[in-house]
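Accompanying notes for the structure given below.
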Amino acid sequence: MASPNHAVTEAAVSALPSAVNSMALSLNENPFAPLPSVRSALISAIDAGNRYPEFLPERLRALIADHIGVSADQVVIGVGATGVIMQVLSALTSPGDRIVMTYPTFDGYPIFAQMARLESVTVPLDKHGHHDLDAMADAAANAEVVVVCRPHNPTGTVESSADIERFLDSVPSDTVVLLDEAYVEFLSPHHRIDTPALIARYPNVVAVRTFSKAYGLAGLRVGYGFCAPELARRMWTMQLPFGIAITGLVAVAASYDAESELQQRIRMITAERRYLRMRLRAMGVYSTDAHANFVYLPSWGRQWREVFEGTELQVRGYADGGVRITVGSRQSTRAVLDAVAAAL
Ligand SMILES: Cc1ncc(COP(=O)(O)O)c(C=O)c1O
């Protein structure tokens, strides 16, 4: 018979989400389990779990800075992109300040705004799921922070490089532009922008990225931000001592070493997204022009959420009736298409 302690452990282990689950399409996670090389590096890190990580994550920031082509003093590290965004808000705003965001947007933003005691100003997306950058620039004139997600969550849309630059030119230079690039690795080469060059030209831009999505390490909680050294210095003052688990540095290093395998996974996900959108289109179902690891079906007169309710699929429904569906395996795609076909 298992000892009581063993039973508690078993319960905790069995409560872990399963790494591969074709029905889990609500959080934009990566559908693949960690790569074997990343997994074995992580086990080595866990073997040193009795030791503290670095006081401040200097090695991790240097590794990331080197990888993306900026200097280390331009990078901050967070507990996921979530931690970085909170660091931006804690270091650069005061309670009562305004933050501009779209509606809908990544669910975290209204929560982070509330945690930082900011006043949220929301600007609706257009009917194809794009930012209204002119309206956002107008709102930014009276705000301390404005958030642009590229690709956007939940619609997956991407604003062009020219539109982003025009927007940056019209935002006051003392308003912080949070350029959320959580899904940047899914962009095809012709949609990429040179973000390190952009932050060199616009010292009020903070780019935020994560290892939760394309890198498939959501459970390890590592994200980073990068910007002009002056702004990064102010944010680094909020870097939590011993705040990044000892697994962080090895997970990132092993992921960079496994870049070609990860690129292959990214190609599989984006190919599956194209297939899912194509099949939806063939059924007469409109989805926005998505460039990340999810598709978005805007409201169609009834709640899309209801279409998936009787199924095992977990998807993310929105109050206006739209739904966001993470791209998974071909099995996930079939389950989504079956549910949609049954509803039409
Ligand atoms: C646009 C966007 N930003 C930030 C995040 C936060 O990611 P994490 O905290 O896991 O790094 C997410 C997660 O879904 C997201 O969609």
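Just so you know, all these numbers are worked out from the coordinates, no wet-lab data involved. No experiment lies behind these values; they were computed from the predicted model shown.
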remark   = For the range 253-268, in residue order, the Karplus 3J(HN,Hα) values (coefficients 6.51, -1.76, 1.60; θ = phi - 60°; whole Hz; Gly and Pro = x) are 4, 5, 5, 5, 5, 9, 3, 5, 5, 5, 4, 5, 5, 4, 4, 5
query = Which cross-chain or sequence-distant (5 or more) residues have an amide H under 5 Å from the amide H of Val123, H modelled 1.01 Å from N in plane?
reply = Met101, Thr102, Tyr103
Whole-Hz ³J(HN,Hα) from phi, Karplus 6.51 cos²θ - 1.76 cosθ + 1.60, for the range 305-316, glycine and proline x = 3, 4, 4, 9, 4, x, 9, 7, 5, 9, 10, 10
note = Using alpha-carbon coordinates alone, the radius of gyration and Dmax of the range 1-133 in Å work out to 20.3, 63
remark   = At 25 °C in a medium of viscosity 0.890 mPa s, the range 201-344 has a Stokes-Einstein diffusion coefficient, with Rh taken as the Kirkwood radius over alpha carbon pairs, in µm² per second, of 137
message = What translational diffusion coefficient, to the nearest whole µm²/s, does the chain have by Stokes-Einstein, given a Kirkwood radius computed over alpha-carbon pairs, a temperature of 20 °C and 1.002 mPa s viscosity?
response = 102
